[in-house]
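Have a look at the structure below, then the notes.
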Amino acid sequence: MIPAPFDYHAPGSLAEAIGLLQQHGDDAKVLSGGQSLLPLLKLRLASTAHLVDIGRIPGLEYIKEEGGYLKIGGRTRESALERSDVIKAKYPILHDTALVIADPLVRNRATVGGNLAHADPANDHPATMLALGAEVVAAGAGGERVIPITQFFTGIFSTALRPGEILVEIRIPAPPSRSGGAYVKLERKVGDFATAAAAAQLTIGADGKVARAGIALTSAGPTPIKATAAEQFLLGKLPDGAAIAQASKLASDAASPSADRRGSVEYKREMARVLTARALAKAIARAGGH
Amino acid sequence: MSKHNIRVTINGVPHEAQVDARLLLVHFLRDQLGMTGTHIGCDTTHCGACTVVVDLEPVKSCTMLAVQADGAAIITVEGLERDGKLHPLQEGFCQEHGLQCGFCTPGMLMTAYGLLSQTERPTEAEIRHAISGNLCRCTGYVNIVKSIQYAAALPR
């Protein structure tokens, strides 16, 4: 399959890339790892007059701890998350996620920023970033602005990024001690999108009760779903079996999946409940709670 | 549609070419250079038959533009054999019956090449993880895993 014709640009700097995006407006798309965009262009489900490849802009691939945040460059490859010692040791929820995105070959090119900016509700990073309370940094002609991840996903395949803006960084607040997270995905085979998946990130307080809870779902609606009622319920509770059961029920109530060949609405909602329970149990164990 | 002059090194040989912006790397290799060892299977980023090694990492060449490879060092299945002698991986696939129809084999070989260049002695689990983006509809993978283990045990 061959994409419809387009002009290709390979800017050498962020300023040049933003200039091209401003110049071409809706006629331009950003190419990062291309593992979602190129298939769409090939299938002709998408087309563009101008493809702006950010692959040659220096300084967009990094994983670093700085100023109380974990900072991930927008073009950091999923395979880098998979191999990172910092991610493995301190952010197991991100390691879980990187390991189940597409397949290892795709992860050698696919990028974290692309996974978020593409805003496919079946993508895996949106749920983990919602659970972690991340922020994204958008660079545009007027400089950079910070967007809380809770305001980032505005609809199916659409985000708060304005035309002419590029997602350059993801910032995750460093979790306090006694924190843990997990991402649990049900997929038919390696490389498939999630039938359902759940992300959970918890902090246990000195009193043994839940001090912070982040829970979000993949493939559970037109956008990634933040399970707010489940999060609120857990606050101040002892993280025991009964609390997990009730929180999982509340999370699945927040899901509004659609039926497709991966399953019926009822099945997917039930899987959202089961996977949330598993993610919570794993998160609690990793936080040292049980 | 824009056209671009690219320079790539393929199996150690420098190439210069003019390519259309939309030309996929796999079509560049097969149609423009006549290197048909790299196969097109699903053409939808699932099967891995088109896997080549770009700057030391195995990637699906149906999901990369030729122009994105400008400046890169690429290794294809044609680059494995040296001076008429099979690469240890090819030797392994022969010895352990790692192929039946052979369609997925170039991709399997290149993924395995990428794995062995990072992990000298991979475990069976690491091998299975590494090839999880490559589909084989003949072998059930058992002999492919054995083939890669065979190569990993040989001096390279």
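Rule-based calculations on the coordinates, nothing more; no lab input. Everything quoted here is computed from the prediction, not taken from an experiment. Don't worry about glycine lacking a Cβ; one is built from the backbone with ideal geometry, like all the others, and counts go over all protein chains shown.
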Treating only Lys and Arg (+1) and Asp and Glu (-1) as charged, each at its beta carbon, one finds that region B:28-156 has a dipole about its Cα centre, in Debye to the nearest 20, of 280 debye
Selection from B:125, B:72, B:111, by position along the positive dipole direction of chain B (Cβ): B:125
Sort A:108-118, A:149-159 by the packing proxy (mean of other Cβ within 10 Å over each peptide's residues), most packed first. A:108-118, A:149-159
For B:106-118, mean number of other protein chain Cβ atoms within 10 Å: 1
Once every DSSP H run of n ≥ 4 in the protein assembly as shown is given -39500 (n - 2.57) and the sum is divided by its residues, what mean residue ellipticity at 222 nm do you get, rounded to the nearest 500 deg cm²/dmol? -9000 deg cm²/dmol
Sequence neighbours fewer than 8 away in the same chain don't count; with that in mind, list the lysines whose C-alpha is under 16 Å from residue B:60. A:42
Kirkwood Rh (inverse of mean 1/r, distinct Cα pairs), the protein assembly as shown, angstrom: 22.9 Å
Explain nothing, just the number: dipole magnitude of the protein assembly as shown about its Cα centre with +1 on each Lys and Arg Cβ and -1 on each Asp and Glu Cβ, in debye rounded to the nearest 20. 1000 debye
Alpha carbon centre of region B:86-156 versus region A:173-196: separation in Å? 29 Å
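May I ask you to sort A:228, B:111 by Cβ crowding, counting other Cβ atoms within 10 Å and putting the fewest first?
The most exposed by this proxy come first: A:228, B:111.
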Over 21 Å, how big is the tail of the calculated P(r) for region A:175-262, in percent of all Cα pairs? 33 percent
How large is the charge dipole for region A:63-173, taken about the Cα centre, if only the Cβ atoms of Lys, Arg (+1) and Asp, Glu (-1) carry charge, to the nearest 20 debye? 180 debye
Neighbour net charge for residue A:103 - beta-carbon separation under 15 angstrom, K R +1, D E -1: +1
Counting Lys +1, Arg +1, Asp -1, Glu -1, what net charge surrounds residue A:150 among other residues with beta carbon under 14 Å of its beta carbon? 0
If one compares the long axis through the Cα atoms of helix B:105-118 with the longest principal axis of the Cα atoms of chain B, the angle in degrees, nearest 10, works out at 80 degrees
Eligible lysines near residue A:90 by straight Cα distance, threshold 16 Å, same-chain separation 8 or greater: A:64, A:71, A:282
In whole Å, how far is the Cα centre of region A:38-94 from that of region A:213-290? 26 Å
Footprinting exposure proxy for B:35, A:1, A:271, A:129 (fewest neighbouring C-beta atoms within 10 Å first): A:1, B:35, A:271, A:129
At a Förster radius of 45 Å, what calculated FRET efficiency corresponds to the Cβ-Cβ distance of residue A:71 and residue A:49, to the nearest 0.05? 0.85
For A:269, B:128, which order do you get if you count the other beta carbons within 10 Å of each Cβ and list the fewest first? B:128, A:269
